[in-house]
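Reviewing the structure listed below.
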Amino acid sequence: MKRFFEVVSKDPQRASSSSEPDSESTEGINESPEEDKECEKSKKQKYEQKYVKYWESEFKWLSEGTKGCHYAFCKVCSVDVYIGKMGKSAIKSHANTQIHTKNAGTISLNLVQQNIEPLFSSASKTAVIDAEIMMAVFVAEHNLAFQIMGHLPQFVNKITPDSNIAKKVKCSRTKMVNILRNVLGISYIEEIVDLLNANKFSLIIDESTDISLVKTLCLVVRVCKNFKVHDLFFDLIEVESADASSLFSAVINSFTKNNIMYKQNMIGFAADGANVMMGRNHSVSTLLKADINDLFVLKCVCHSFHLCASYACEKLSGEVEDLARNTFNYLKSSSKRLKDFSSLQYFFEFKANKILHPSQTRWLSLSAVVSRLIEQYDVLIAYFSIAVKEENLQTAKNILTLLKDPITKLYLFFLEFALPFFIKLNKLFQSESSQIHKLHSSVKEIV
């Protein structure tokens, strides 16, 4: 090696010539761009993981980081997690930490409570509404005074102190009226309208006058639903006049107002035998038959039988009916008279039954009135004998005269025998179950 350096130092030209190519080759390597690219490729490239949006479907508590695209933000712990090197693994590692597990458990419990509480609250509100509706229906169904709703909710709450529903029920008279009129009433009408437009039906009407002298027309429809016949209340119309044209217009206006296709689906009409309903020339039935083709019209059979019995009774003395009415009116107007009559019943060892009133509309009550007079006949003679001496009234004298007449008692015995035939037949026609197989034979027995 020493000898080599000596030779080089002795020949500087050679040394310089030998060193020049080395410097040129070195400069060539450093300055060539192609060789620089090959060197960069040969080196290992570095890559940082960026946040991926679809990770949020797996980790509900994850969102984009606040520090940049190489971070993910944990909503539970409120921290940024660096994902540049480990990527999704860094998120999983954070999820397994003790702090994250603790925070996630607390938040999930709160979320469950927040999600469940509205459900229970909604169910509770529904139960309270159902309770208020049921109370309103109960009062209406049993024909109770609406003022009872000012006390009924408080009474129910008092006898059921452990019920949260009863505590929340707030239903006064005004609210109950609105429930019946604007909720149940509308829903009921809509249901009937749909039923009548989808099925054939018959109409039953009756006109009456209430205690306020207001004339009203009641409409009942008979329709078959699920192979069962139902009689449904449809409308109650206030009418100014009870003539045939007014009643017919009221019926048609009610159907038109509710959009019912009565000309296509109405197949039958029934009413009592009054001339305004069933008259031959101008009545509600004739007007309906002119408006609806092939309409079947049926009189009230019970009313017809009642008329038959009434016409038959015209052949008898009218004094019997006068006796029943005058006796009832004489006793009902004085509590002293009723007490004296009750004392005589006790003395004669009769049942303490009241004298009944013969109603003109309750046809089946006539037989009961006659039976009661016969039952209390001896007591009535004794009572009016005393009343004539004490009060000396003409009404009492007339009643006592009829009671002492043997023909009167004979008439009463005849009616007690004959009327049950009509009563039995009337009950048969008013039966809720089908009795068509018995009607013909029952009518023949009377005829």
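The single condition among (1) surrounded by 14 or more Cβ atoms within 10 Å (Cβ to Cβ); (2) of a type outside the set (A, V, I, L, M); (3) part of a helix (DSSP H, G or I) that Gln147 does not satisfy is (1).
Do we find a residue being at pLDDT 85 or above and in contact with a helix residue (DSSP H, G or I) (Cβ under 7 Å, 6 or more places away or on another chain) anywhere in the stretch 106-129? There is at least one residue in the stretch 106-129 that is at pLDDT 85 or above and in contact with a helix residue (DSSP H, G or I) (Cβ under 7 Å, 6 or more places away or on another chain). Against the conditions (1) over 27 Å from Phe305 (Cβ atoms); (2) of a type in the set (Ser, Thr, Tyr); (3) surrounded by 17 or more Cβ atoms within 10 Å (Cβ to Cβ), Thr174 satisfies every one except (3). Scanning the stretch 425-436 for residues that are exposed (fewer than 15 other Cβ atoms within 10 Å of the Cβ) and not in a loop (DSSP other than H, G, I, E, B) yields Lys427, Ile436. Taking the criterion of being in contact (Cβ under 8 Å) with a residue 24 or more places away in the chain and in a helix (DSSP H, G or I), the residues of the stretch 287-311 that qualify are Leu287, Leu288, Asp291, Val301, Cys302, His303, Ser304, Phe305, His306, Leu307, Cys308, Ala309. The residue list Val193, Val220, Val229 contains one member that is modelled with pLDDT of 90 or more and touching a strand residue (DSSP E or B) at 6+ places or on another chain (Cβ under 8 Å), which is Val220.
Within the stretch 268-286, restricting attention to residues that are among the hydroxyl-bearing types (Ser, Thr, Tyr) and either assigned to a helix (DSSP H, G or I) or without any contact (Cβ under 8 Å) to a residue 12 or more places away in the chain (or both), the residue that is farthest from Ser208 (Cα to Cα) is Thr286.
Residue by residue, here is whether (1) part of a helix (DSSP H, G or I); (2) of a type in the set (Asp, Glu) holds:
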site: Phe138; (1), (2): yes, no
site: Asn143; (1), (2): no, no
site: Asn157; (1), (2): yes, no
site: Ala166; (1), (2): yes, no
site: Cys171; (1), (2): no, no
site: Asn178; (1), (2): yes, no
site: Asn182; (1), (2): yes, no
site: Glu190; (1), (2): yes, yes
site: Leu195; (1), (2): yes, no
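Among what's in the stretch 437-447 and is surrounded by fewer than 14 Cβ atoms within 10 Å (Cβ to Cβ) and touching a residue at least 12 places away in the same chain (Cβ under 8 Å), pick the residue that is farthest from Ser317 (Cα to Cα). Among them, the one singled out is Glu445.
Regarding Asp322, is this residue touching a residue at least 24 places away in the same chain (Cβ under 8 Å), of a type outside the set (A, V, I, L, M, F, W, C) and assigned by TED's automatic domain parsing to the domain that holds Thr401? So Asp322 fits the description; yes.
Out of all the residues in the stretch 203-258, which are part of a helix (DSSP H, G or I), polar (S, T, N, Q) and over 29 Å from the mean Cα position of the chain (by Cα)? Residues satisfying the conditions are Ser245, Ser246, Ser249.
Hey, does the stretch 289-310 have a residue that's modelled with pLDDT of 90 or more, surrounded by 12 or more Cβ atoms within 10 Å (Cβ to Cβ) and of a type in the set (Lys, Arg)? Yes, the stretch 289-310 contains at least one residue that is modelled with pLDDT of 90 or more, surrounded by 12 or more Cβ atoms within 10 Å (Cβ to Cβ) and of a type in the set (Lys, Arg). For Leu412, are the conditions met, namely being surrounded by 12 or more Cβ atoms within 10 Å (Cβ to Cβ), of a type in the set (A, V, I, L, M), assigned by TED's automatic domain parsing to the domain that holds Arg325 and touching a residue at least 60 places away in the same chain (Cβ under 8 Å)? Spelling it out, Leu412 is indeed surrounded by 12 or more Cβ atoms within 10 Å (Cβ to Cβ), of a type in the set (A, V, I, L, M), assigned by TED's automatic domain parsing to the domain that holds Arg325 and touching a residue at least 60 places away in the same chain (Cβ under 8 Å).
The values are calculated or read from the model by the stated rules, or taken from the named source; none is laboratory data. Owing to the predicted nature of the structure, the values given are computational and were not obtained by experimental measurement. When we count neighbours, we look across all protein chains shown, and the Cβ atoms used for this are built from the backbone with ideal geometry, even at glycine.
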